[in-house]
Amino acid sequence: MNPHPDPFAYRRQFLKFLAASPLLLPEIQSLTLQDMPLIKSPAEALNVFDFEPVAKQKIPPAHWGYMATGVDDDATLRANRTAFSRFQIRPRRLVDGSHVDTSTELFGMKWKTPIFFSPVSSQRAFHEEGEVAVARAAKSRDHLMILSTVSSTGIEQAIQAREAPIWYQLYPTDSWTITQALVKRAETAGAPAIVFTVDNIAGRNTETDRRFARLDTRQCASCHLPDGPRNSAGNSISSKPMFRGLDLSGVTELYNASFTWDFVRRLRDVVKGKLLLKGIETREDAQLCLQHGVDGIIVSNHGGRSVETGRGTIESLAEVVDAVHGRVPVMIDSGFRRGTDIFKALALGAKAVGIGRPYVWGLGAFGQPGVEKVLDILRAETELIMKQTGAASISKLDRSFIIERP
């Protein structure tokens with residue numbers, strides 16, 4: 001007999017039985033699952049969602065609201081998840097699934113998996129080690145990382161922690177001098193690619209963010225300075241490492257609503273490495289990317305945080321892929337939580353799939369080990385669905401594996 005029985009063991013077994021019972025209403029099933037105790041270590045996580053309530057418990061309300069928010073009614077935030085149900089998987093049987101190749105290639109660099117870290121700003125708001133912990137997780141699991149312009153760690157420190165080059169996401173501000181300085185610093189540090197985010201240049205209405213901020217009683221003057229240019233969360237960009245030492249006297253905003261494709265042409269002349277545009281959702285804009293010398297596209301709606309389109313990025317992917325005809329790689333992010341989600345995007349033509357909130361949940365819950373476990377789970381789920389469907393490698397995936405429900 002166990003001298004120290006687990007007091008929750010029988011309760012967990014009973015709740016699992018209830019949750020699986022077809023006799024219970026979905027609302028009751030959901031309630032019983034919510035009653036389950038929070039995980040106490042990354043090893044206990046069964047899926048990436050297990051990290052979310054732990055992170056929410058540990059992260060201050062205003063910081064949680066900033067990460068969790070969509071815009072307006074959060075309709076696009078929800079659409080990023082619900083849209084996956086429109087795409088169903090067609091498995092092939094009796095195909096050797098003992099080994100699968102999950103590797104993908106981007107600009108001549110081979111990666112073990114197609115999963116990459118999308119840029120998330122101010123990661124020390126979620127854990128004291130912030131981007132450094134994420135970079136170390138990217139190193140230990142060999143994943144691509146994209147660093148935000150408004151990170152809480154300079155690119156040099158992030159590359160040192162990653163021990164390999166990372167990509168740099170660009171918010172150019174409304175000053176061309178600052179734009180050039182940011183690009184030069186990133187490329188000097190070793191960033192082989194600049195990712196210009198184009199889906200948030202006109203600002204946004206983050207109601208959920210502001211509601212959570214009302215619950216936070218902390219003094220945040222060190223980040224929310226009274227003067228100077230700010231990002232969409234109200235943070236002074238002068239406090240961000242990538243802007244230190246730069247003259248921001250002529251800068252009024254992090255984004256610029258007056259940007260046009262002429263700015264992309266101008267940026268193309270400055271960027272020495274690869275230039276990608278992040279936030280493309282239509283075939284027309286994908287074709288314009290090609291016309292302006294863009295090297296790659298990331299289909300994204302900023303995790304439902306930019307424009308209330310009500311459309312998930314997985315619904316935008318096919319038309320972008322078709323528009324470029326393989327001339328440049330197409331990547332995607334926003335709403336990915338499962339290996340089956342990743343599988344669907346790859347089958348529709350994506351070369352790589354980015355995650356944002358899931359790794360922030362892991363970071364906020366347990367730091368670097370939490371981020372690593374999120375990657376482990378998603379990699380395992382992706383490998384499993386590939387084995388189950390007869391897809392021996394990512395290169396074998398195509399639209400024959402997917403059917404879109406009208």
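Read-outs throughout are calculated quantities, based only on the coordinates presented, and are distinct from any laboratory measurement. Since the model is a prediction, treat every value here as computed from it, not as a measurement. Cβ atoms come from the backbone with ideal geometry, glycine included; neighbour counts cover every protein chain shown.
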Practice problem: Counting only C-alpha contacts under 8 Å and six or more residues apart, can you give the relative contact order of the chain as a whole percent? | Solution: 26
Quiz item: Which of the peptides 374-380, 389-395, 209-215 is most tightly packed, and how do the rest follow, judged by the mean count of other Cβ atoms within 10 Å per residue?
Solution: 374-380, 389-395, 209-215
Quiz prompt | Ranked M36, M109, criterion: other C-beta atoms within 10 Å, fewest first | solution = M109, M36
Quiz prompt | the range 62-201 shape via C-alpha gyration tensor axes, a/c threshold 1.5 | solution = oblate
Quiz item: Just from its helices, what would the mean residue ellipticity at 222 nm be for the chain, if runs of 4 or more DSSP H residues each count -39500 (n - 2.57) and the sum is divided by every residue, rounded to the nearest 500 deg cm²/dmol?
Solution: -11500 deg cm²/dmol
Practice problem: In a Gaussian network model over the chain where Cα atoms closer than 10 Å are linked, find which of P60, P165, P37 has the largest mean-square fluctuation. | Solution: P37
Exercise. Go ahead and run the numbers for FRET between R78 and L46, Cβ-Cβ distance against an R0 of 25 Å, rounding to 0.05.
Key: 0.65
Practice problem: List the pair-distance distribution P(r) of the chain, using every Cα-Cα distance, as the percent of pairs falling in each 20 Å bin from 0 up to the bin containing the longest distance, rounded to whole percents. | Solution: 26, 59, 14, 1
Quiz item: When DSSP beta bridges are limited to those with both residues in the chain, what percentage is antiparallel, rounded to the nearest 5?
Solution: 20
Self-check item: W176-R283 pseudo-label distance in nm [points 7 Å out on the Cα-to-Cβ vector]
Solution: 3.5
Quiz item: Label points 7 Å out from Cα along the Cβ direction at R90 and E404: separation in nm?
Solution: 1.4
Quiz prompt | Whole-angstrom gap from the range 61-88 to the range 121-152, using each part's C-alpha centre | solution = 22
Quiz item: Going by how many other beta carbons lie within 10 Å of each one, how would you line up F259, F87, fewest first?
Solution: F259, F87
Quiz item: By per-residue mean of other Cβ atoms within 10 Å, what is the highest-first order of 357-367, 276-286?
Solution: 357-367, 276-286
